[in-house]
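Below: one structure, written as structure tokens.
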Amino acid sequence: MNRFAAGIAGLLCSLGMAFAEGEILFSNWAVSVAPGPKDGQLWVYSRGEVNQGTSLLTLESDGSGKVKVKKSLVEPVDNEVSAVHAQIYADKLAEHRRFSAEKAGDLGVVLPMFGLDESDHFLEPLGFLSLRASGVVPTPLDLPPLAESIDNHMDYAVSGFAYQDSKKILRVARGRLGVVEYDVSKGIGNPQVTAKLFEKKNHRWAKVSPTMTVDFSKYLDVLDLEQDPETEDLWIATSKGLWLQSPSGEITSASGALEKERVTGVWIGGKPLQAIVETSSLNKGSLVGGLWRKVLGGKDDFKKVAFLDSAGKMQNKDVYDNADYTVTGVAFIGNKAFVGVWVAGGSVSGYLLLDSKGVRSHGLGTESTDPWLHGFETGVTDRDAVITSITSFPLDARTVGLAMATDGNGVTVSADSGKTWTIVLNRAKLGGNLGTIRMVPSVITAGGQSLVSYKVGKDSKITIEVFSYDMRRVRKIVSGAPRSADESRSTNAKEDFWDGLDDAGRPCTMGIYYVRVKDNHGHIGWGKVMSLGGDR
């Protein structure tokens, strides 16, 4: 049995699992957030060091902008599959650097699904995961024989979804393999599945048959899909142009400005209804990208989004392209769009706040791209973690919530459109007066970050030092730093972390290190962390 067949067999054996109460999140390494089945609920897909799973959070606002978790249900996901492919941090292609999620009627929320390849890496596209209140359902999609001629399996990885509620059809973007239509109009237990390729010359669909052989140069890659909630037009982002399919099936160009562009993403929402589009391609190894927008219902074509400084003056440079951004997702609240972005090949991430005029500077930061990027420095997170996914969701009858997943800092949620943030984490209880020192994570490489978690009973001045296994001091992190008493954690996440380096900025060798935390009241606590070493 080959790896693909074995994976499918394992998936079928895993059906029937159900959610149960547990930790708030499956893991603090969250990679995807999406609206839950009811108001106030949020799906979170996260992965730990050895396991992964899904949480269904029930949230409520306290009226001040803060949010609290009322209930959490969690379920592990079979370790033979993942919603995250193995090259997510290394792949430069924009469509491979986001965690697509879509509400799909009775199918719940759907995410891409990857299986293990011959090298035990999650690089084998299998179909999608269906997150439902009853549990997580792996849904394999058969590969046509013509897929065997595609050397790089990621060329047909799932990179987008669109669900047509009136016809109960989920459409899945599969790159080189075009689109799969997953029709559940006869019930989710009896799906009708059809694969189609998008013809480059005639701009129409060609149905894939089992015996079909093709010249892929005659077809366009389908990189993303979006369903217009008002007209039910299907927006099709392809390797050359953006296309629009009417409910009657007629396909036309959606934009003259984008006809020669490689369109990697399309998102629709807000009031007034608007479409946001990403273009992205590699040119001699360099990323060339653009962020475009059109208010729907008007005659104007798509135009590149303007980047405005704190005085409202438009920048001459294309900040989006200059920063090598790729879109991780878009959340709409009223006339504003929160565009999650991540710098290709790096760990810089956050969101751009786009209003009717453009992306406005918040005036903070020193780098050329900082003034527009909301993230750690603007209080979105309390640690400098990669923001991997963004969504808006109905928090209650009057409030639209905003949520983001982070790789290492759990989920951050706002009830007031980003003015106030609540960090949702699995926080194990800490002993007061430095009774517990916990390093998170407990294993790092040089240049990484391990947070020193501790709690003081009254306002204190804290000194944190790192010692080698033979008790030789290698690093003083802070000295006499003021920290406040807190019921949960007194750590200042912007300062109280060890990066695996010594006082001279050199990587410490592989081994166990001890972290001593002292306050000015005579309390001392010890923690332990392992460094894997590394170059810098």
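Do we find that VAL31 is crowded, with 18+ Cβ neighbours inside 10 Å and assigned to a strand (DSSP E or B) in this structure? Criteria met by VAL31. Looking only at the stretch 211-244, filter to residues that are of a type in the set (Phe, Trp, Tyr) and at pLDDT 95 or above; which one of those is surrounded by the fewest Cβ atoms within 10 Å (Cβ to Cβ)? So, considering only residues that are of a type in the set (Phe, Trp, Tyr) and at pLDDT 95 or above, the one surrounded by the fewest Cβ atoms within 10 Å (Cβ to Cβ) is TYR219.
Looking across the stretch 92-109 at every residue that is buried (at least 18 other Cβ atoms within 10 Å of the Cβ) and out of contact with any strand residue (DSSP E or B) (no Cβ under 6 Å at 6 or more places or on another chain), the one that is nearest to ILE24 (Cα to Cα) is identified as HIS96.
Take the conditions among the hydroxyl-bearing types (Ser, Thr, Tyr), closer than 30 Å to VAL380 by Cβ and in a loop (DSSP other than H, G, I, E, B) and apply them to SER490. Does it pass? Yes: the conditions hold for SER490. Annotation for the stretch 445-452: no member residue is in the same structural domain as ASP318 (by TED's automatic domain parsing), touching a residue at least 40 places away in the same chain (Cβ under 8 Å) and not in a loop (DSSP other than H, G, I, E, B).
If you go through the stretch 423-439 one residue at a time, do you hit one that is crowded, with 18+ Cβ neighbours inside 10 Å, over 17 Å from ARG516 (Cα atoms) and among the small types (Gly, Ala, Ser)? Within the stretch 423-439, none of the residues are crowded, with 18+ Cβ neighbours inside 10 Å, over 17 Å from ARG516 (Cα atoms) and among the small types (Gly, Ala, Ser).
Note on the stretch 246-292: enclosed strands (runs of 3 or more DSSP E) holding 1 or more residues that are in contact (Cβ under 8 Å) with a residue 60 or more places away in the chain and closer than 20 Å to LYS336 by Cβ are 263-269, 274-283. Annotation: of all residues in the stretch 183-211 being in a strand (DSSP E or B) and not hydrophobic (A, V, I, L, M, F, W, C), the one that is nearest to ASP165 (Cα to Cα) is ASP183.
Once the stretch 454-479 is narrowed to residues that are in contact with a Ser or Thr (Cβ under 7 Å, 6 or more places away or on another chain) and free of Cβ contacts under 8 Å to residues at least 60 places away in the same chain, the residue that is surrounded by the fewest Cβ atoms within 10 Å (Cβ to Cβ) is SER479. Kindly indicate whether GLY63 is farther than 20 Å from VAL386 by Cβ, in contact with an Asp or Glu (Cβ under 9 Å, 6 or more places away or on another chain) and surrounded by fewer than 22 Cβ atoms within 10 Å (Cβ to Cβ). When the stated conditions are applied, GLY63 does not pass them. Can you say whether GLN164 is over 28 Å from the mean Cα position of the chain (by Cα) and surrounded by fewer than 22 Cβ atoms within 10 Å (Cβ to Cβ), as far as the supplied structure shows? Answer is no for this residue. Would you mind stating whether VAL288 is surrounded by 21 or more Cβ atoms within 10 Å (Cβ to Cβ), within 23 Å of the chain's Cα centre (by Cα) and not acidic (Asp, Glu)? No.
Note on the stretch 72-121: residues that are in contact with a His (Cβ under 6 Å, 6 or more places away or on another chain) and more than 20 Å from THR406 (Cα to Cα) amount to 1. Take the conditions (1) buried (at least 21 other Cβ atoms within 10 Å of the Cβ); (2) in a loop (DSSP other than H, G, I, E, B); THR406 misses just one of them, which is (2).
The values are calculated or read from the model by the stated rules, or taken from the named source; none is laboratory data. If you're wondering where the values come from, they're calculated on a predicted model, not measured in any experiment. When we count neighbours, we look across all protein chains shown, and the Cβ atoms used for this are built from the backbone with ideal geometry, even at glycine.
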